[in-house]
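The values are calculated or read from the model by the stated rules, or taken from the named source; none is laboratory data. If you're wondering where the values come from, they're calculated on a predicted model, not measured in any experiment. With ideal geometry, Cβ positions are generated from the backbone for all residues, glycine too; neighbour counts draw on all protein chains shown.
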Amino acid sequence: MSKRTDTIRSLFAQPPSPVLSADNNPPEQLRVAAGAVRSIKETFSDIERENEALRARIAEGEHVVEIDAGLIDPSPFADRFNQEDDLSFEALKQSIAERGQEIPILLRAHTVAPGRYQTAFGHRRVRAARVLGRPVKAIVRALSDDELIIAQGVENSAREDLSFIERAVFALRLETAGRNRTVIQQALAIDRAEASKLISVAKAVPNDLILAIGKAPKIGRRRWQELAEALQDKAALKRAQAVAALPAFAKVGGDERFSRALSAAKRQEARKRLGHPIIEIRDAAGRALAEVRASERDLKVTLAKGTGNAFAQFLTLRLPELFEEFRSFGAGHGESKGS
């Protein structure tokens, strides 16, 4: 039996009564990626043969306890960005307020602060309990750093809620903390090649720009790699960071923020390729929306096919407002008002 199988079995082959999940719902409601399904099924097919014996061996030591939410700290290995989905969190909080916490979280004793705990998973329930002023139902296990990391990774693989860049940053954080590639692969259910790609992207894109963009849930590996390659040019990096500093940047969703940063980073590349200034505008999925071409005489905006007359009319109505926003920003950054 593989080392990964043994590790996961030790974490999850527990008595049936205290089921574990990252949210306030039973595990059978979790969404699992197709690739993860095969991997998890293969792992648990081995586990099932010894499941009853394993349960009997650990049943006496497994207890659900109530712990003050104020005594619980996050995992030392952050695997997600601090950008909560307010609607999702509010729904979870309401569920716990009305029905109580149905599923316990998984904790370990804090490694350096006696009397405190660290979260393996269930951080959103900890936050909800803290807001509601009630204790947290938890299972406390003796977990090594590697076991804690793998528990987080297995849970998030099942929930399928980490975006590509969150996975990439998580992988880099683990490597920076001294974890070996095997643990990183197990935590994210990936092979060595994919781990290398994740880490290379996280290294290539500055952390301040990643945080400004956010989790960008619809942006996958290919487009993040495209941005990483573009940012190898220092001028491209400055353009992307300048766009990210605009007040309007924070007002749009993460996918749109990514598109704006990528467009800014590739602006000079497009100029060199076509021989004159051009800005490509794309939506969050990467589809072309428009091209902006500048010359000494004028500036032309060409909408891509499929955008429709309605969008053209909407853009026409918004142009005065957009110009005022640009003029206000330019005045504070040394831009010429005649440009």
Quiz prompt | Residue count, the range 185-215 (criterion: free of Cβ contacts under 8 Å to residues at least 60 places away in the same chain, within 18 Å of Gly254 (Cβ to Cβ) and outside any helix (DSSP H, G or I)) | solution = 2
Quiz item: Within the range 98-109, is there a residue that is out of contact with any Leu (no Cβ under 7 Å at 6 or more places or on another chain), in a helix (DSSP H, G or I) and modelled with pLDDT of 85 or more?
Solution: yes
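Results for (1) modelled with pLDDT of 90 or more; (2) of a type in the set (A, V, I, L, M); (3) under 24 Å from Ala228 (Cβ atoms), shown as yes or no for each residue.
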| site | (1), (2), (3) |
| --- | --- |
| Glu147 | no, no, no |
| Ala151 | no, yes, no |
| Val154 | no, yes, no |
| Arg159 | no, no, no |
| Leu162 | no, yes, yes |
| Ile165 | yes, yes, yes |
| Val169 | yes, yes, yes |
| Thr176 | yes, no, yes |
| Asn180 | no, no, yes |
Self-check item: Within the range 112-158, tally of residues that are closer than 20 Å to Ala69 by Cβ and touching a residue at least 24 places away in the same chain (Cβ under 8 Å)
Solution: 32
Quiz prompt | Test: residue in the range 173-184 that is surrounded by 18 or more Cβ atoms within 10 Å (Cβ to Cβ), without any contact (Cβ under 8 Å) to a residue 60 or more places away in the chain and among the aliphatic types (A, V, I, L, M) | solution = yes
Quiz item: Going through the range 221-239 one residue at a time, which ones are acidic (Asp, Glu) and either without any contact (Cβ under 8 Å) to a residue 24 or more places away in the chain or part of a helix (DSSP H, G or I) (or both)?
Solution: Glu226, Glu229
Exercise. Report, ordered by the first and then the second residue, all pairs with beta carbons closer than 7 Å, sequence separation of six or more or different chains, a first member in the range 311-326 that is not assigned by TED's automatic domain parsing to the domain that holds Ile281, and a second member that is modelled with pLDDT of 85 or more.
Key: Glu325/Ala248
Quiz prompt | Tally of residues being at pLDDT below 80 and over 21 Å from Arg267 (Cβ atoms) across the range 312-331 | solution = 2
Quiz item: On the given criteria, is Lys218 in a loop (DSSP other than H, G, I, E, B) and among the basic types (Lys, Arg)?
Solution: yes
Exercise. Looking for whichever is out of contact with any strand residue (DSSP E or B) (no Cβ under 6 Å at 6 or more places or on another chain), modelled with pLDDT under 80, outside the structural domain of Leu211 (by TED's automatic domain parsing) and exposed (fewer than 15 other Cβ atoms within 10 Å of the Cβ) here; the options are Gly275, Gly308. Which one fits?
Key: Gly308
Quiz item: Do you know which of the residues in the range 111-156 that are under 25 Å from the mean Cα position of the chain (by Cα) and in a loop (DSSP other than H, G, I, E, B) is nearest to Phe89 (Cα to Cα)?
Solution: Gly122
